[in-house]
Amino acid sequence: MAGPSPWATHLSHAGPCSLAALRTAWLRYPNLLRRYLFSTDHKVIGLQYAFTSLFFLLVGFSLAVLIRWQQAYAGQPLPLLTLLVGEVNAPGGIMLPEFYNQLGAMHGTIMVFLGVVPLAVGAFGNYLVPLQIGAPDMAFPRLNLASYWFYAAGGVVMLASFFVPGGAAMSGWTSYPPLADFAPQGQTWWLAGMLLLVLSSLLGAVNFITTIVQLRAPGMTWFRLPFFVWTQLITSFLLLLAFPALQAAAILQGMDRLAGTSFFLPSGLMVGGQAVDVAGGGSALLWQHLFWFLAHPEVYVLVLPAMGIVAEIIANNSRKPVFGYRLMVYSIFVLGFLSFTVWAHHMYLTGMGTTISAIFQATTMIISIPSVIVLSALVLSLHGGSIRFNTPMLFALAFLPMFGIGGLTGLPLGLAATDIPLHDTNYVVGHFHYLVAPGTIFALFAGIYHWFPKITGRMMNETLGRLHFAGSLVTMNLIFFPMLMQGMAGVNRRLWDGGAIYQHAEPVLYLNVPMAHAAFGLALVQVFFIVNLFMSLKGGRRVTANPWEATTLEWAAPTPPRAHGNFDELPRVYRGPYEYSVPGMDVDFLPQHVPDAKAGA
Amino acid sequence: MSDATYQAETRAYLTTLGALLALTVVTVALSYLDLPTAPTVALALAVASLKAALVAAVFMHLKGEHALVYGTLVLTAVLVVVLFVLLLGADADRLFGTGFGDAFSEGPR
Amino acid sequence: MEIPYTSEPRPDTGLTNPKIGIWLFLASEVMLFGSLFSAYALLRMGAETWPDQSAVLSVPLATLNTVILIVSSATIVLALAAVRAGRIDAYRRFMGLTILGGAAFLVVKAFEYSDKFAQGLVPATDNFLALYFTLTGLHALHVVGGLVVNLYLWGPGVRMWRTDPARFTGRIEVAGLYWHFVDVVWIFLFPVLYLL
């Protein structure tokens with residue numbers, strides 16, 4: 001779309017009473033709407049997902065910055081805050097504990113369900129999977145459109161909940177009852193938003209699996225699929241079969257809140273010194289079981305696509321096949337299945353017996369094996385390669401140790417004896433942020449820098465990219481490493497005052513200040529990324545269809561790929577995905593779609 | 001499709017329908033027998049499973065379906081079982097009055 | 001560019017896209033109802049007292065509904081057989097019967113609900129009624145969804161029979177699979193909620 005938007009010019013002349021103008025615009029620009037808002041083309045939908053989820057990542061991150069500010073300067077007035085979040089939430093610039101709780105709950109919800117998963121699956125999956133398997137589109141294009149709009153609706157409901165009386169959900173992103181059963185109405189909005197997001201994910205998962213199974217190009221056998229496609233396949237199965245448990249749990253909690261049932265309310269429950277007037281007989285642990293039956297596989301939904309992206313980028317930039325491709329594929333199969341059997345390691349403190357606890361500890365230790373195999377294979381892929389240290393590769397390389405720290409710090413949490421003192425401390429927060437922030441989000445950044453030239457035909461700026469990388473790496477570690485230290489000192493998470501009331505927190509309390517400063521720094525270096533993203537759209541260096549000299553099919557399509565159909569003619573596949581540096585060849589890469597006769601020359 | 005196969009198919013569906021209705025009568029009749037709890041539950045669920053299997057095999061044409069569908073359904077069934085067993089197992093002592101919860105612990109309880 | 005395998009099966013999998021899609025969707029539905037049934041099991045086994053279910057609810061009405069739903073499940077597969085045999089009149093007859101069955105099921109359900117409400121039995125009364133209303137309510141929503149689809153395929157959707165019969169047959173098959181699944185859920189709900 002070149003020049004000023006026709007929307008803008010048209011509407012600016014229409015004046016305030018623009019209903020008629022909108023109608024005219026609708027009639028005059030139906031193509032525009034069909035092309036950018038209600039397109040069934042997987043690439044457009046992928047980009048819609050990308051921009052929406054990046055927006056939500058920014059929103060969720062802003063909440064986290066407020067959290068860090070509050071932890072460091074609890075109770076101190078910040079006049080700007082009243083301006084930002086209103087007199088109700090921060091009278092005189094002092095953040096109220098109720099609002100702080102909303103920040104915690106909604107930061108988690110937004111980052112996981114509206115930011116990272118939609119970016120990893122909705123955006124990258126949608127854009128790349130059909131291209132990488134040589135398909136003209138997703139199997140069900142209209143369903144794809146519907147999933148995006150369910151997602152967008154879920155996002156709107158979640159954001160709107162900040163403005164209802166009592167504010168947004170404030171019972172943690174896990175929404176544990178009985179607390180959540182009695183929370184203000186924002187919790188009901190949370191449940192409604194979550195049901196929309198679940199619906200979106202289920203439709204998306206059906207679509208992805210069908211696409212990968214059915215629409216592979218001729219010659220694209222199972223073990224010629226790029227690893228990224230495998231990760232999307234397993235991820236889709238996790239979404240498909242784990243999310244219904246949360247769907248069920250959300251329906252039950254909705255009934256508790258709206259119809260007065262007591263699914264999660266035990267008999268004889270007292271709230272604020274008063275006996276609650278409900279039938280009772282429910283079980284609060286039922287929610288935890290159903291929630292974590294979803295939420296543990298959800299962890300792998302966050303992680304698997306990241307591994308897929310990193311594998312693609314490492315193979316391409318080390319100019320070598322990934323090490324142990326088949327082993328990696330088998331590993332993520334095992335990983336996917338086992339992720340359904342470990343959920344109660346989030347619940348060691350609920351008083352379950354040692355037998356069940358032993359079962360879950362065993363499965364938890366076993367599931368670390370396939371994760372380690374994949375990570376080791378990625379590290380070994382570097383061995384002997386001629387590595388190009390460009391921005392996507394830097395992010396992908398940093399993913400490996402960061403994800404490693406996240407994984408290793410998880411082991412003490414998987415064993416009941418060590419989990420009991422660490423449970424619900426900042427150690428847990430540090431652990432999963434290492435996995436998701438410098439882990440998954442780094443992989444997603446890597447993916448954006450890597451595939452930007454395919455989407456736009458232009459490169460992103462390398463200098464800004466490096467500044468973004470270095471700044472993010474340093475600041476993220478400055479935020480998350482102290483969390484591990486605080487947690488081991490016993491500082492509880494979710495404390496409005498950052499732990500000031502606890503004497504045992506005293507020696508590590510000072511860390512809150514550098515953590516806050518690092519969070520501000522992290523916010524600043526994201527400016528490099530945002531500027532780079534928008535500047536490169538118009539001003540980036542123009543490149544050919546395959547600037548990274550890559551082998552997979554998306555680079556065989558024209559740049560940008562054709563609307564509705566992708567390829568000039570559907571490709572045929574002759575070999576595996578990572579034929580780099582094949583001995584005896586003139587070039588160091590053999591694309592999947594080039595016939596042997598031509599490649600041999 | 002030829003007329004003969006159409007007739008045969010229709011007959012097969014009607015026979016299945018008859019069997020399903022008969023099994024419905026059996027379920028209701030069983031519930032009036034006032035058997036002890038355990039056999040009542042077992043019988044009711046067995047009959048229900050049989051009916052569900054008939055619907056799945058004949059009406060949903062699962063008999064002779066392709067491997068991919070079987071694979072998906074088997075995986076799903078396994079996961080439902082995992083959910084049931086571990087969810088109820090985590091609370092087994094209270095629910096069933098077993099001593100299973102701390103079976104690994106030594107010494108006096 | 002056309003999306004391949006929307007109505008003819010892919011040779012190596014032997015399946016069409018919609019058929020894989022509906023089975024995957026049904027798999028997620030199995031997990032949804034599986035989660036709810038496990039909630040039922042946990043709450044009932046953990047309860048100190050549990051009402052005599054068949055005394056609270058109406059077994060005759062539920063038996064009637066079971067029969068209605070099973071018959072409608074048979075008529076929709078007969079409708080599929082008719083489409084496959086090219087007998088579009090028979091198809092419309094059987095699909096019409098299926099829709100009548102679904103509607104009758106909902107009418108009976110409405111009688112049951114209003115009867116309970118009239119006796120002051122609501123979801124908040126106890127956990128058994130909470131589960132009863134939640135499970136049957138969710139199931140009824142599934143019936144409504146199926147009715148809408150079946151109505152479309154009986155009415156305006158039947159036009160596709162002339163333009164693309166293979167794809168139309170695929171749609172009837174998919175709608176049928178969903179409807180049978182709704183039937184299967186009821187086959188379990190009936191003994192679990194009314195008889196045990």
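Data table
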item	result
C:ILE76 touching a His at 6+ places or on another chain (Cβ under 9 Å) and either part of a helix (DSSP H, G or I) or among the acidic types (Asp, Glu) (or both)	yes
Hits in the range A:174-190 (condition: under 21 Å from the mean Cα position of the chain (by Cα) and surrounded by 21 or more Cβ atoms within 10 Å (Cβ to Cβ))	A:SER175, A:TRP190
Condition check for B:LEU45: open to solvent by 40 Å² or more (accessible area, probe 1.4 Å), farther than 21 Å from C:VAL174 by Cα and at the interface with chain C (Cβ under 8 Å from one of its Cβ atoms)	yes
Flag for C:LEU42 being over 20 Å from the mean Cα position of the chain (by Cα) and either crowded, with 20+ Cβ neighbours inside 10 Å or at pLDDT 95 or above (or both)	yes
Given (1) in contact (Cβ under 8 Å) with a residue 60 or more places away in the chain; (2) assigned to a loop (DSSP other than H, G, I, E, B); (3) farther than 18 Å from A:MET460 by Cβ; (4) aliphatic (A, V, I, L, M), number of the condition A:ALA523 does not satisfy	(2)
Filter pass, B:LEU50 being open to solvent by 50 Å² or more (accessible area, probe 1.4 Å), over 24 Å from C:TRP50 (Cα atoms) and in contact with a Leu (Cβ under 8 Å, 6 or more places away or on another chain)	yes
Unique match (being under 17 Å from the mean Cα position of the chain (by Cα) and within 7 Å of another protein chain (Cβ to nearest Cβ)) among B:LEU95, B:LEU83	B:LEU83
Residue that is farthest from the other protein chains (Cβ to nearest Cβ), among those in the range A:135-172 that are over 30 Å from A:LEU63 (Cα atoms) and of a type in the set (Gly, Ala, Ser)	A:ALA135
Of all residues making up the range A:240-288, the number that are open to solvent by 10 Å² or more (accessible area, probe 1.4 Å) and at negative phi	24
Selection within the range A:189-220 - within 23 Å of A:PHE113 (Cα to Cα) and small (Gly, Ala, Ser)	A:ALA192, A:GLY193, A:SER200, A:SER201, A:GLY204, A:ALA205
Count of residues meeting criterion [open to solvent by less than 20 Å² (accessible area, probe 1.4 Å), at the interface with another protein chain (Cβ under 7 Å from one of its Cβ atoms) and either under 19 Å from B:ALA77 (Cβ atoms) or hydrophobic (A, V, I, L, M, F, W, C) (or both)] in the range C:12-28	6
Of all residues making up the range A:250-262, the number that are in contact (Cβ under 8 Å) with a residue 24 or more places away in the chain and at the interface with another protein chain (Cβ under 7 Å from one of its Cβ atoms)	2
Residue within the range C:33-52 that is farther than 30 Å from A:GLN288 by Cβ, in contact (Cβ under 8 Å) with a residue 40 or more places away in the chain and among the aromatic types (Phe, Trp, Tyr) present	no
Qualifying residue in the range A:153-173 (condition: of a type outside the set (A, V, I, L, M, F, W, C), open to solvent by 40 Å² or more (accessible area, probe 1.4 Å) and in contact (Cβ under 8 Å) with a residue 12 or more places away in the chain)	yes
Residue within the range A:574-586 that is more than 14 Å from chain C (Cβ to nearest Cβ), among the charged types (D, E, K, R) and surrounded by 14 or more Cβ atoms within 10 Å (Cβ to Cβ) present	yes
Filter result (open to solvent by 30 Å² or more (accessible area, probe 1.4 Å) and either more than 14 Å from chain B (Cβ to nearest Cβ) or touching a Leu at 6+ places or on another chain (Cβ under 7 Å) (or both)) within the range A:326-343	A:ARG326, A:LEU327, A:TYR330
Odd one out for A:ALA315 among (1) under 22 Å from the mean Cα position of the chain (by Cα); (2) under 16 Å from A:THR231 (Cβ atoms); (3) away from chain B (no Cβ under 14 Å)	(1)
Close pairs from the range C:79-94: first on the phi > 0 side of the Ramachandran plot, partner part of a loop (DSSP other than H, G, I, E, B), Cβ under 8 Å, at least 6 apart	C:GLY86/B:MET1
Of all residues making up the range B:63-89, the number that are part of a helix (DSSP H, G or I) and open to solvent by less than 30 Å² (accessible area, probe 1.4 Å)	11
Unmet criterion (only one of (1) within 12 Å of chain C (Cβ to nearest Cβ); (2) within 19 Å of the chain's Cα centre (by Cα)) for A:GLN232	(1)
Any chance B:ASP34 is within 14 Å of chain A (Cβ to nearest Cβ) and either open to solvent by 30 Å² or more (accessible area, probe 1.4 Å) or closer than 30 Å to A:LEU294 by Cβ (or both)	no
Only listed residue being without any contact (Cβ under 8 Å) to a residue 12 or more places away in the chain and under 16 Å from the mean Cα position of the chain (by Cα), chosen from C:VAL122, C:VAL148, C:VAL174	C:VAL148
Wholly within the range A:29-145, helices (runs of 4 or more DSSP H) carrying at least 3 residues that are modelled with pLDDT of 95 or more, of a type outside the set (Gly, Ala, Ser) and within 30 Å of A:TYR510 (Cα to Cα)	A:42-72, A:97-109
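Table: residues versus (1) within 22 Å of A:LEU302 (Cβ to Cβ); (2) open to solvent by 10 Å² or more (accessible area, probe 1.4 Å); (3) touching a His at 6+ places or on another chain (Cβ under 6 Å); (4) not polar (S, T, N, Q).
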{"site": "A:HIS431", "(1), (2), (3), (4)": "yes, yes, no, yes"}
{"site": "A:ILE441", "(1), (2), (3), (4)": "yes, yes, no, yes"}
{"site": "A:GLY447", "(1), (2), (3), (4)": "yes, no, no, yes"}
{"site": "A:ILE455", "(1), (2), (3), (4)": "no, yes, no, yes"}
{"site": "A:ALA470", "(1), (2), (3), (4)": "no, yes, no, yes"}
{"site": "A:LEU478", "(1), (2), (3), (4)": "no, yes, no, yes"}
{"site": "A:ARG494", "(1), (2), (3), (4)": "yes, yes, no, yes"}
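The values are calculated or read from the model by the stated rules, or taken from the named source; none is laboratory data. No experiment lies behind these values; they were computed from the predicted model shown. Reconstructed Cβ throughout: ideal geometry from the backbone, glycine too, with neighbour counts over all protein chains shown. Quick note on the areas: whole protein, heavy atoms, side chains included, nothing else; ligands and nucleic acids left out. Shrake-Rupley method; radii C 1.70, N 1.55, O 1.52, S 1.80 Å.
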